[in-house]
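To start, I am sharing the structure in question, which I have written as structure tokens.
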Amino acid sequence: MGTITVKDGTEIFYKDWGTGQPIVFHHGWPLSADDWDEQMMFFLGKGFRVIAYDRRGHGRSSPSPTNNDMDTYADDCAALVKHLDLKAAIHVGHSTGGGEVIRYVAKHGGGGVVSKAATLSAIPPVMVKSEKNPDGVPMEVFDGIRAGVAGNRAQFYTDLPAGPFYGYNRDGAKASEGTKKNWWRQAMLGDMKAQYDCVKTFSETDFTEDLKKIDVPVLVMHGEDDQIVPIGNSALKAVKLLKNGTLKVYPGLPHGIFATNPDVINADLLAFFKS
């Protein structure tokens, strides 16, 4: 575990375990590198070097009152990759972290630093509804998220994992109390202002041109019952824009698929990494 200081003085926390081909994990909003602990242990056991970091203003990285935008997120990742001297890395991102992967690979992924990428329940091409994206998510939804963060954040961060994030609001779902509490723990560790700003970033950033630029293989994984990032406005569109994209759809699975179904997701990621 360590930290680096990027160009605007923000300190980025990261974990770096093992040797072998590196896998860099990018977490979702408003969480931290800890969200990937189960995957990191699994792939560490398979001989990979596993790295995960806390996005600026999230987790143990320093509070970030400004520069909470996707270009800066990608630049922070590039600084970490350079610091660790990573080559032929595989980048894996969930939700907002999936958008971060796409922007990073498109902007900084040349010269052999990236070999493959995978996105899970990811936000690209663009989430918010507009004239260009008429079937997107209405702005009122994101306004509600902002109100929840700025208001009673502790309660909002209790309700989200207990309901749609993991699909625990569906009939017959078996909720994990530990998973819900771990989500809340990670979310409350982050900086409120950075998390608030990130809502605009994950909802309004357009990744269309980024997706078109990427040459490396990308596995696009998405639960069919994702209530946070609807599959029709995300994965089904994103894979068509990629030059070398493969779509993997999981019937009935929710947004937090790698937490609810780690055995399935880990096996599919491993097969992709080895292909």
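The values are calculated or read from the model by the stated rules, or taken from the named source; none is laboratory data. A quick note: this is a predicted structure, and the numbers were derived from the prediction, not measured. A quick note on method: Cβ atoms are made from the backbone with ideal geometry, for glycine too, and the neighbour counts reach across all protein chains shown. These area figures cover heavy atoms from the full protein model, side chains too; ligands, DNA and RNA do not enter into them. Shrake-Rupley method; radii C 1.70, N 1.55, O 1.52, S 1.80 Å.
Return the only residue of 29, 17 being at negative phi and either surrounded by fewer than 16 Cβ atoms within 10 Å (Cβ to Cβ) or modelled with pLDDT under 95 (or both).
Values: 29 fails: either surrounded by fewer than 16 Cβ atoms within 10 Å (Cβ to Cβ) or modelled with pLDDT under 95 (or both).
Criteria check complete, one pass: 17.
If the Cβ limit is 7 Å and pairs must be 6+ apart or interchain, which residue in segment 88-105 that is farther than 21 Å from residue 195 by Cα pairs with which residue that is aromatic (Phe, Trp, Tyr) and part of a helix (DSSP H, G or I)?
Between residues of segment 88-105 that are farther than 21 Å from residue 195 by Cα and residues that are aromatic (Phe, Trp, Tyr) and part of a helix (DSSP H, G or I), the close pairs are 90/273; 91/104.
Quick check on segment 67-80: of everything there that is without any contact (Cβ under 8 Å) to a residue 40 or more places away in the chain and more than 12 Å from residue 7 (Cα to Cα), which residue is surrounded by the most Cβ atoms within 10 Å (Cβ to Cβ)?
Ranking the qualifying residues of segment 67-80, first place goes to 74.
Working carefully through the options 175, 194, find the one that is touching a helix residue (DSSP H, G or I) at 6+ places or on another chain (Cβ under 8 Å), of a type in the set (A, V, I, L, M) and at pLDDT 95 or above.
Numbers: 194 fails: touching a helix residue (DSSP H, G or I) at 6+ places or on another chain (Cβ under 8 Å).
Result: 175 is the single residue among 175, 194 that is touching a helix residue (DSSP H, G or I) at 6+ places or on another chain (Cβ under 8 Å), of a type in the set (A, V, I, L, M) and at pLDDT 95 or above.
Per-residue answers, yes or no, for (1) hydroxyl-bearing (Ser, Thr, Tyr); (2) in contact with a strand residue (DSSP E or B) (Cβ under 6 Å, 6 or more places away or on another chain); (3) over 24 Å from residue 269 (Cα atoms):
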{"position": "130", "(1), (2), (3)": "yes, no, yes"}
{"position": "134", "(1), (2), (3)": "no, no, yes"}
{"position": "162", "(1), (2), (3)": "no, no, yes"}
{"position": "165", "(1), (2), (3)": "no, no, no"}
{"position": "181", "(1), (2), (3)": "no, no, yes"}
{"position": "197", "(1), (2), (3)": "no, no, yes"}
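Additional query: Spot the failing condition for residue 210; the list is (1) open to solvent by less than 30 Å² (accessible area, probe 1.4 Å); (2) charged (D, E, K, R); (3) touching an Asp or Glu at 6+ places or on another chain (Cβ under 7 Å), and only one is missed.
(3)
Answer yes or no: is there a residue in segment 36-56 that is at pLDDT 95 or above, at positive phi, open to solvent by less than 10 Å² (accessible area, probe 1.4 Å) and not hydrophobic (A, V, I, L, M, F, W, C).
The initial filter retains those residues of segment 36-56 that are at pLDDT 95 or above, namely 36-56.
Still in the list and also at positive phi: 47.
In the following step, the residues that additionally are open to solvent by less than 10 Å² (accessible area, probe 1.4 Å) were identified as none.
There is no residue in segment 36-56 that is at pLDDT 95 or above, at positive phi, open to solvent by less than 10 Å² (accessible area, probe 1.4 Å) and not hydrophobic (A, V, I, L, M, F, W, C).
For segment 143-183, how many residues meet the condition of being in contact with a Gly (Cβ under 7 Å, 6 or more places away or on another chain) and either open to solvent by less than 60 Å² (accessible area, probe 1.4 Å) or assigned to a helix (DSSP H, G or I) (or both)? Even if it seems obvious, please write down each step before you answer.
Taking segment 143-183 first, the residues in contact with a Gly (Cβ under 7 Å, 6 or more places away or on another chain) are 156, 165-166, 169, 173.
Cutting the leftovers down to either open to solvent by less than 60 Å² (accessible area, probe 1.4 Å) or assigned to a helix (DSSP H, G or I) (or both) gives us 156, 165-166, 173.
Residues that pass the stated criteria total 4.
Would you please name the residue that is farthest from the chain's Cα centre (by Cα), looking only at residues in segment 40-94 that are assigned to a helix (DSSP H, G or I) and among the small types (Gly, Ala, Ser)? Write out each step before concluding.
The initial filter retains those residues of segment 40-94 that are assigned to a helix (DSSP H, G or I), namely 40-45, 70-84.
From what is left, the residues that are among the small types (Gly, Ala, Ser) are 45, 74, 78-79.
Numbers: 45: 22, 74: 12, 78: 16, 79: 18 Å.
The selected residue is 45.
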